[in-house]
Amino acid sequence: MTDYADILALGEALVEFVRLPETSEGRPIYRQGFGGDTSNAIIAAARQGANTGYITAVGGDPFGELFLDLWRGENVDTATVQVKPQDPTGSYFVLPDPSGRQFSYARRGSAASLYGPEDLPEDAIAKAKVLHVSALSQAISPSMRAAVQRAAEIAKANGTKVSYDTNLRLNLWTLEEARETINAFLPLADIVLPSDDEAETLTGLTDTYAILDHFADHDPEIVVLKRGETGPILRSGGTDQPFPVPKVKAVDSTGAGDSFAGGFLAYYLETGDAAEAVRRAMKVAAGTVSGYGAVDPIPQRSDILGV
């Protein structure tokens, strides 16, 4: 791995507890895993062969150590991960559903939620090729929101592309706050990766191409509207290209959009071909929904390319 990562992601990683179909003496069973949208995305990018790193803070607790071990094992550079001994690592609980997601969070006061602009590794951001951030990261706290904004400004000033997933979690902030923050951030984004259901809520629009227009009005290079089983639409160079999704038996949609984002960034950086990157990213997402949890089922590069 080089001194600086090509793809950096910024946000919060969360310990994941997924409820399994089995029960024990009438009580639910949970499997511990890993989550957090930008962490999922950067692991997906790493599994596709990209040179990656993560910007965050974890607690000085066993869960923080597990995350550090996870990223190192996935070849995600941890040089830009802070460890805050006095603060906990956040967690969340998932009730799986093939068509939706039910989350319960335990993240208030987490190490990542206390991350701020003063913590940013400015040189690493300046040397990266892509910085990936999300609206979910902006929602977790005012300090992280300011860090995401500042990180994007550093990226833009140094020629680093900014990738933005408009992940919308209304249990973290109001719709008005989300709209104001996301719309203000969009002019900084080179690549925008919204999901259709969340985009409808965010924009108040229901027509697919009107939604694409809304994001394209901010002049990104690329918009990929993720539409679940319907298949994504790529807008690039003023043209729209829809894609049929591969057939897959979905058991848990957790992390599908995140793994798509990571796969897309890895393959777009490698090939320079946005359409091919979408095709490969769909395979990454399809593999992810075929298993339980956000990270374990993410396919490897060999699964996607057959080599």
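At-a-glance table
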{"read-out": "Contour minus Cα-Cα distance for D303 and E22 (0.36 nm per residue)", "value": "98.3 nm"}
{"read-out": "Whole-angstrom gap from region 126-148 to region 168-203, using each part's C-alpha centre", "value": "13 Å"}
{"read-out": "P(r) of region 7-305 over all Cα-Cα pairs, binned every 10 Å from zero, in whole percent", "value": "7, 31, 39, 20, 3, 0"}
{"read-out": "Whole-number percent relative contact order across region 7-305, with pairs defined as alpha carbons under 8 Å at least 6 apart", "value": "18 percent"}
{"read-out": "Cα centroid of region 228-246 to Cα centroid of region 288-302, whole Å", "value": "22 Å"}
{"read-out": "D213-A126 FRET efficiency (beta carbon distance; Förster radius 30 Å; 0.05 resolution)", "value": "0.40"}
{"read-out": "Region 1-87, relative contact order in percent, only Cα pairs under 8 angstrom and at least six apart counted", "value": "30 percent"}
{"read-out": "Residue among D219, D273, D37 with the largest mean-square fluctuation in a Gaussian network model of the chain, springs linking Cα atoms under 10 Å", "value": "D273"}
{"read-out": "Anchor K226: lysines whose Cα lies under 22 Å away (excluding residues fewer than 8 positions away in-chain)", "value": "K161, K247, K249, K283"}
{"read-out": "Taking only Cα atoms of region 90-171, radius of gyration then Dmax in Å", "value": "14.5, 42"}
{"read-out": "Relative contact order (%) - criterion: Cα under 8 Å, at least six apart; region: region 178-284", "value": "19 percent"}
{"read-out": "Cα centroid of region 68-93 to Cα centroid of region 1-59, whole Å", "value": "9 Å"}
{"read-out": "Packing-based exposure ordering (other Cβ within 10 Å, fewest first) of H218, H132", "value": "H218, H132"}
{"read-out": "Rounded D (µm²/s) - region 33-83, Kirkwood Rh over Cα pairs, Stokes-Einstein at 20 °C, 1.002 mPa s", "value": "198 µm²/s"}
{"read-out": "Percent antiparallel among DSSP beta bridges (both partners in the chain, rounded to 5)", "value": "45 percent"}
{"read-out": "Most fluctuating residue given options I29, I140, I182, as computed from a GNM of the chain linking Cα atoms under 10 Å", "value": "I29"}
{"read-out": "Computed [θ] at 222 nm, helices only, for the chain once each DSSP H run of length n ≥ 4 contributes -39500 (n - 2.57)", "value": "-11000 deg cm²/dmol"}
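Computed from the coordinates by the stated procedures, all read-outs in this text should not be read as laboratory data. Just so it is clear, the structure is predicted and the values come from calculations on it, not from any experiment. Reconstructed Cβ throughout: ideal geometry from the backbone, glycine too, with neighbour counts over all protein chains shown.
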